[in-house]
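Below is one structure, written out as structure tokens; the observations come after it.
The values are calculated or read from the model by the stated rules, or taken from the named source; none is laboratory data. These figures come from a predicted structure and were not determined experimentally. Glycine also receives a Cβ, built like all others from the backbone with ideal geometry; neighbour counts cover every protein chain displayed. For the accessible areas, the whole protein counts, side chains as well, though only heavy atoms, and no ligand, DNA or RNA atoms are used. Shrake-Rupley method; radii C 1.70, N 1.55, O 1.52, S 1.80 Å.
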Amino acid sequence: MDGSQFVDRKRIYYSLRLSKWSCISEDRYITPPEAYVWRKESQEILKNALNRKLNTNVAKNVILFIGDGMGVSTVTAARILRGQKQGRPGEETILEFEKFPHVALSKTYNIDKQTSDSGATATALMAGIKANYYTIGVDGRAKYANCSSIKNAKVDGMVNWSKNAGKSTGIVTSTRVTHATPAAAYAHAPQREWESDIKLPANHGECKDIAYQLIVDQSDMQVILGGGRQYFMTNTSVDPETKKVNSAKGRRDGLDLIQ
């Protein structure tokens, strides 16, 4: 077989028929590619990597995209799904961000749990430290739902680092702005669900709810886009969209953090 049949690999599709691999190209069945095809592709990838010119410029801006729960297995599933929607087996698909010149893996496990949560893992991404389950913006000295334990455990992350460097900062999310993942950018809490003061325990001491921290402690953040306005309004306010009073989630301290 002439190797030229495999030059344009975008037009070649593999299918499993009668437990044997066959290849479909322009409605003709041909045998699977020989070993040299895969080795040639590998050599081309290595050659491109060796000839790549490093960008040594200083970045002007940094945007951190977080796909919540987006581990290696999730990326693999996305790759397969995209390929199958295009009529291929899927594993051979390359996602757009996989074409970037550099890649790195980050371990975001929790100190005290094998199955982690968004709050502590986002803290690992944004502050570079590991934390306990369900905590936000604090190190391992902070214990779950224990206000007194966070006094000396608060950690700075990318937002404060950027501010100190004279940068503008902001968060954009498809969920509530007080949700665990975006909250890790600015808040310090031993319990990720303390999004409003109505969720704080009676003995919360000096602990502040997450919505309050965003508006008061991070008042110089330029961009805040997301949902969850109920945690910023009083529990007697009428929601401008639903036209209802959300007494279960609204604030009980009388503060309207939106105005």
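Filtering Ile224, Ile198, Ile215, Ile171 for residues that are among the β-branched types (Val, Ile, Thr), under 19 Å from the mean Cα position of the chain (by Cα), open to solvent by 20 Å² or more (accessible area, probe 1.4 Å) and farther than 21 Å from Asn110 by Cβ leaves a single hit, Ile224.
Does any residue of the stretch 8-18 turn out to be exposed (fewer than 12 other Cβ atoms within 10 Å of the Cβ), over 30 Å from Lys163 (Cβ atoms), at pLDDT 85 or above and charged (D, E, K, R)? Step through it out loud before you land on a result.
If we filter the stretch 8-18 for residues that are exposed (fewer than 12 other Cβ atoms within 10 Å of the Cβ), which is where we start, we get 8, 10-11, 16-18.
Right, trim to over 30 Å from Lys163 (Cβ atoms) and you get 8, 10-11, 16-18.
Now narrow it down to the ones that are at pLDDT 85 or above: none.
Within the stretch 8-18 (the criterion being exposed (fewer than 12 other Cβ atoms within 10 Å of the Cβ), over 30 Å from Lys163 (Cβ atoms), at pLDDT 85 or above and charged (D, E, K, R)), the answer is no, since none of the residues qualifies.
You will find that of Gly205, Gly166, the residue that is exposed (fewer than 14 other Cβ atoms within 10 Å of the Cβ) and either touching a helix residue (DSSP H, G or I) at 6+ places or on another chain (Cβ under 6 Å) or not in a loop (DSSP other than H, G, I, E, B) (or both) is Gly205 and no other.
Say whether the condition of being touching a residue at least 12 places away in the same chain (Cβ under 8 Å), over 18 Å from Asn160 (Cα atoms), in contact with a Phe, Trp or Tyr (Cβ under 6 Å, 6 or more places away or on another chain) and open to solvent by 60 Å² or more (accessible area, probe 1.4 Å) is met by at least one residue in the stretch 238-255. No - not one qualifying residue is present in the stretch 238-255. The residue pairs whose first member lies in the stretch 95-109 and is more than 20 Å from Ile80 (Cα to Cα), whose second member is charged (D, E, K, R) and at pLDDT 90 or above, and whose beta carbons are closer than 9 Å, counting only pairs six or more residues apart or on different chains, are Pro101/Arg52; Lys107/Lys130; Thr108/Lys130; Tyr109/Lys130. Determine if the stretch 106-129 includes at least one residue that is more than 18 Å from the chain's Cα centre (by Cα) and hydrophobic (A, V, I, L, M, F, W, C). Yes, some residue in the stretch 106-129 is more than 18 Å from the chain's Cα centre (by Cα) and hydrophobic (A, V, I, L, M, F, W, C).
Just a yes or no: is a residue in the stretch 53-60 open to solvent by 90 Å² or more (accessible area, probe 1.4 Å), within 21 Å of Val172 (Cβ to Cβ) and not in a helix (DSSP H, G or I)?
Scanning the stretch 53-60, I find at least one residue that is open to solvent by 90 Å² or more (accessible area, probe 1.4 Å), within 21 Å of Val172 (Cβ to Cβ) and not in a helix (DSSP H, G or I), so the answer is yes.
Output the residues belonging to the stretch 182-195 that are outside any loop (DSSP other than H, G, I, E, B) and open to solvent by 20 Å² or more (accessible area, probe 1.4 Å). Answer for the stretch 182-195, where residues must be outside any loop (DSSP other than H, G, I, E, B) and open to solvent by 20 Å² or more (accessible area, probe 1.4 Å): there is none.
Given Ile66, Ile80, which one is within 30 Å of Asp220 (Cβ to Cβ), surrounded by 15 or more Cβ atoms within 10 Å (Cβ to Cβ) and either touching a strand residue (DSSP E or B) at 6+ places or on another chain (Cβ under 7 Å) or of a type outside the set (D, E, K, R) (or both)?
Numbers: Ile80 fails: within 30 Å of Asp220 (Cβ to Cβ).
Sole residue among the options that is within 30 Å of Asp220 (Cβ to Cβ), surrounded by 15 or more Cβ atoms within 10 Å (Cβ to Cβ) and either touching a strand residue (DSSP E or B) at 6+ places or on another chain (Cβ under 7 Å) or of a type outside the set (D, E, K, R) (or both): Ile66.
In the stretch 72-88 there is at least one residue matching the filter, namely being assigned to a loop (DSSP other than H, G, I, E, B) and in contact (Cβ under 8 Å) with a residue 24 or more places away in the chain.
Is there a residue in the stretch 104-117 that is of a type in the set (Phe, Trp, Tyr) and under 28 Å from Val223 (Cβ atoms)?
Initially, the stretch 104-117 is screened for residues of a type in the set (Phe, Trp, Tyr), giving 109.
Filter once more, keeping what is under 28 Å from Val223 (Cβ atoms): none.
Within the stretch 104-117, not a single residue is of a type in the set (Phe, Trp, Tyr) and under 28 Å from Val223 (Cβ atoms).
Charged (D, E, K, R) and assigned to a helix (DSSP H, G or I): does that describe Lys107? No; evaluated as a whole, the condition is false for this residue.
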